[in-house]
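What follows is one structure encoded as structure tokens, with my remarks underneath.
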Amino acid sequence: MKNRNNLLLALLIGIVLLAFFYLARPNISTPGEPVPSQNEVSNATISLDFGDENQISKALPLDDNSTAFSLLNDLAQSESLDLETRQYDFGIFVKAINGYESSAEKAWIYYVNGESGQVAADQKKINSNDLVEWKYIEPDE
């Protein structure tokens, strides 16, 4: 009888400990916020505005190293666009996209979520759901 009582007591303590550890585990999601799936892909939208009626927009998957430039490069490859760049100490400069060449009058300027880039495009990290816009415009705009 004594062994049976000891076994029941040990079982009860085990159940209490399991319940405590289960209820005390950290909550990694905010209530009401969907928990992302392990298989969910993060995307950003990239658009090109050639300054005329010619525009391209596409959602592209992101990885840990996605930048404003890497998305432009991915878009150029997927849409068979001719992309000309030049590497400088500060980063990559976009010389031309499909013959639309950067000059003193018009240049390729990128924006992320409506704000013009403050660093070279290959240095600007892109996050999920960002909007990356490349515009062929007057540099003062």
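Overview of values
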read-out: Whole-number percent relative contact order across the range 43-137, with pairs defined as alpha carbons under 8 Å at least 6 apart; value: 37
read-out: Cα gyration tensor shape of the range 43-141, rounded if a/c is under 1.5, else prolate or oblate by comparing a/b with b/c; value: rounded
read-out: Likely footprinting exposure, THR67, THR85, THR45, fewest C-beta neighbours within 10 Å first; value: THR45, THR85, THR67
read-out: FRET efficiency estimate (nearest 0.05) - Cβ-Cβ, LYS58 to ILE15, R0 35 angstrom; value: 0.05
read-out: Amide H contacts under 5 Å for ASN98, placed H, 5+ residues apart; value: ASP82, LEU83, GLU84
read-out: Under 14 Å, Cβ to Cβ, from LEU81 - net charge with Lys/Arg +1 and Asp/Glu -1; value: -4
read-out: Projected label distance in nm at GLU101 and SER78, using a 7 Å step from Cα toward the beta-carbon; value: 2.9
read-out: For ASP130, distant residues with modelled amide H under 5 Å away; value: THR45
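Where a number appears in this text, it was derived from the coordinates with a stated rule and is not lab data. What you see is a predicted model, and the numbers here were worked out from it, not measured in a lab. A quick note on method: Cβ atoms are made from the backbone with ideal geometry, for glycine too, and the neighbour counts reach across all protein chains shown.
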